[in-house]
Protein chains: 2
Amino acid sequence: MKYQIINGKMLLKEEALIPLNDLGLLRSYSIFDFFRVLSGVPVFLEDHLDRLLGSVDKMELDLRWSKDEIRTMCREIIASNEVVDAGLRIVVTGGYSHDGYTPARANIYMMMHNLPEYSPDDFTQGRKMISSNFTRDLPEAKTTLYVHAIHHQKRMKEVNAIEILYHTDGVITEGSRANMFFVDQNDVIVTPADAILRGITRRHLMHVAKDKYNIVERTMVMDEIADMKEAFLTSSTKGVLPVIEIGGVVIGDGKVGAITSDLHQLFNAHVAEYITAHREEFDDS
Amino acid sequence: MKYQIINGKMLLKEEALIPLNDLGLLRSYSIFDFFRVLSGVPVFLEDHLDRLLGSVDKMELDLRWSKDEIRTMCREIIASNEVVDAGLRIVVTGGYSHDGYTPARANIYMMMHNLPEYSPDDFTQGRKMISSNFTRDLPEAKTTLYVHAIHHQKRMKEVNAIEILYHTDGVITEGSRANMFFVDQNDVIVTPADAILRGITRRHLMHVAKDKYNIVERTMVMDEIADMKEAFLTSSTKGVLPVIEIGGVVIGDGKVGAITSDLHQLFNAHVAEYITAHREEFDDS
């Protein structure tokens, strides 16, 4: 990944440098979005750009680039890096502040990463989660506030957990980097609706699943977990990932459930269709 | 302020640049400290270095510089910038992360700013505060998490407030950038003790006031504010600043109280003594 973008300017990674007075650095005043580029196609690009601009609005950032201009930057960084499969990160910050506190005109940064690799076992055998009583500030914006999550990495490693389930005094919200779904005893798919980031994988999954399954967005509490048959999380990099234990509570029989497996496949097929449908737009040949 | 420091290296401000993968920028994983340099003397330097290292520990940052080395950097940046009066900011971040998530060896950044100026009226007539139900994550570490505060700047301006009083469902904690004190009907000075940043001005003030006044650290709730005779906040840049209204509730008779005025003077005298006592150490002539 040789190239990064700072405020619309394509730069060699070694030359993509910023001063210390960025308000993202000094005051955590920034939002971002992150999505997969597969076979050169940015997956669900329009959804991610819409959410990015939504986060910009919620944070009241003074961004001077339009959606079209940001889309063009995405095309350029993908083409320059000659990417097949990767992750693309867009960060928008509160700008270079004269006093280290007052927001200025927003900065936009773009960079690409290798994608995290998940083991096939993660999907066939499922993973554990830990839980934590924590409420994100501005939950509906995709802020860079991950202190709580990063601080819990050690605790996650101790039990080989893949994620943290956040709850607010028992009311389940979301994972630290994923949305949460459960399957109840009547095969109804349940997902929390309030104080969560509007996940794009979450929305697409609900779209592809809605004709086949009964999906309910409702308040759910920690005590209900023990009664659920299946659980899974969704995220842009993980897709649909089965969860078999949360905070020591085993879900169902502790094995990946049939509905979760089916949804995993439905979602992957949906992504494959998307890539096929959009490949021509991003074909540089 | 021509010079800044990155990882021990003194650089011209224009050359003090960092790559985009700093975990402070990407995930808000960073802490800082900030103090005044008056007449070339860093005020309460040892206290600030101790707190900085305490924040480093609480955040589990992998910092490779000792307190002595950081103190030397402080001396060097003050001398290079030929500073009389200014603010010195030290930021420690989670390092340059290979995947934008996993912490690496910590980075240390130092920069100097002009000090914010407060009007003499602020101290003789007092200022207003707004209030907000908000709990900082890791309250005892001085993290860079100021999204909530910056987001409320507009609301503060609307009522000409200087600060935000945070409470957790009614239990008062601290201001967004200051500690909080009240004077009750019996002239007892009351200050919250839990879930707060251990302010250095707060501690020094309690030290200079303890022989003359009765000071109690205890849980205090929002409903008690209406019964208080006086209120004030403390911070490194503001010292002791009188508060006459919080969230629309007028404190006492709405004027600066006698005890607050006295503490303001006691504290300023204490700072002046500190500077005199430490001037020789920082005299470059």
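The values are calculated or read from the model by the stated rules, or taken from the named source; none is laboratory data. Quick caveat: nothing in here was measured; it's all calculated off a predicted structure. Here the Cβ is made from the backbone with ideal geometry for all residues, glycine too, and neighbour counts use every protein chain on show.
The table for this structure:
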| item | result |
| --- | --- |
| B:Glu174, sole failed condition from (1) at pLDDT below 95; (2) within 15 Å of the chain's Cα centre (by Cα); (3) charged (D, E, K, R) | (1) |
| The stretch A:198-247, subset part of a strand (DSSP E or B) and small (Gly, Ala, Ser), residue surrounded by the most Cβ atoms within 10 Å (Cβ to Cβ) | A:Ala231 |
| Scan of the stretch A:129-147 for residues that are over 15 Å from the mean Cα position of the chain (by Cα), buried (at least 19 other Cβ atoms within 10 Å of the Cβ) and either in a strand (DSSP E or B) or more than 10 Å from chain B (Cβ to nearest Cβ) (or both), ordered by number | A:Met129, A:Ile130, A:Ser131 |
| In the stretch B:25-57, the residues that are under 19 Å from the mean Cα position of the chain (by Cα), outside any strand (DSSP E or B), within 9 Å of another protein chain (Cβ to nearest Cβ) and at negative phi | B:Tyr29 |
| Of all residues making up the stretch B:12-24, the number that are assigned to a strand (DSSP E or B) and facing chain A (nearest Cβ under 10 Å) | 4 |
| Extreme residue, farthest from the other protein chains (Cβ to nearest Cβ), among residues of the stretch B:80-110 that are in contact with a Pro (Cβ under 9 Å, 6 or more places away or on another chain) and over 21 Å from A:Lys154 (Cβ atoms) | B:Leu88 |
| In the stretch A:150-197, the residues that are part of a loop (DSSP other than H, G, I, E, B), touching a Lys or Arg at 6+ places or on another chain (Cβ under 7 Å) and away from chain B (no Cβ under 14 Å) | A:Val159, A:Asn160, A:Asp184, A:Gln185, A:Ala193, A:Leu197 |
| Residues that are among the charged types (D, E, K, R) and surrounded by 20 or more Cβ atoms within 10 Å (Cβ to Cβ), drawn from the stretch A:37-86 | A:Arg51 |
| Unique match (being within 19 Å of B:Lys9 (Cβ to Cβ) and of a type in the set (Asp, Glu)) among B:Asp85, B:Asp99, B:Asp68 | B:Asp68 |
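Conditions tested, residue by residue: (1) closer than 24 Å to A:Ile275 by Cα; (2) touching a helix residue (DSSP H, G or I) at 6+ places or on another chain (Cβ under 7 Å); (3) polar (S, T, N, Q); (4) in a loop (DSSP other than H, G, I, E, B).
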{"residue": "A:Gly87", "(1), (2), (3), (4)": "yes, no, no, no"}
{"residue": "A:Tyr101", "(1), (2), (3), (4)": "no, yes, no, yes"}
{"residue": "A:Arg105", "(1), (2), (3), (4)": "no, no, no, yes"}
{"residue": "A:Pro116", "(1), (2), (3), (4)": "yes, no, no, yes"}
{"residue": "A:Asp122", "(1), (2), (3), (4)": "yes, no, no, no"}
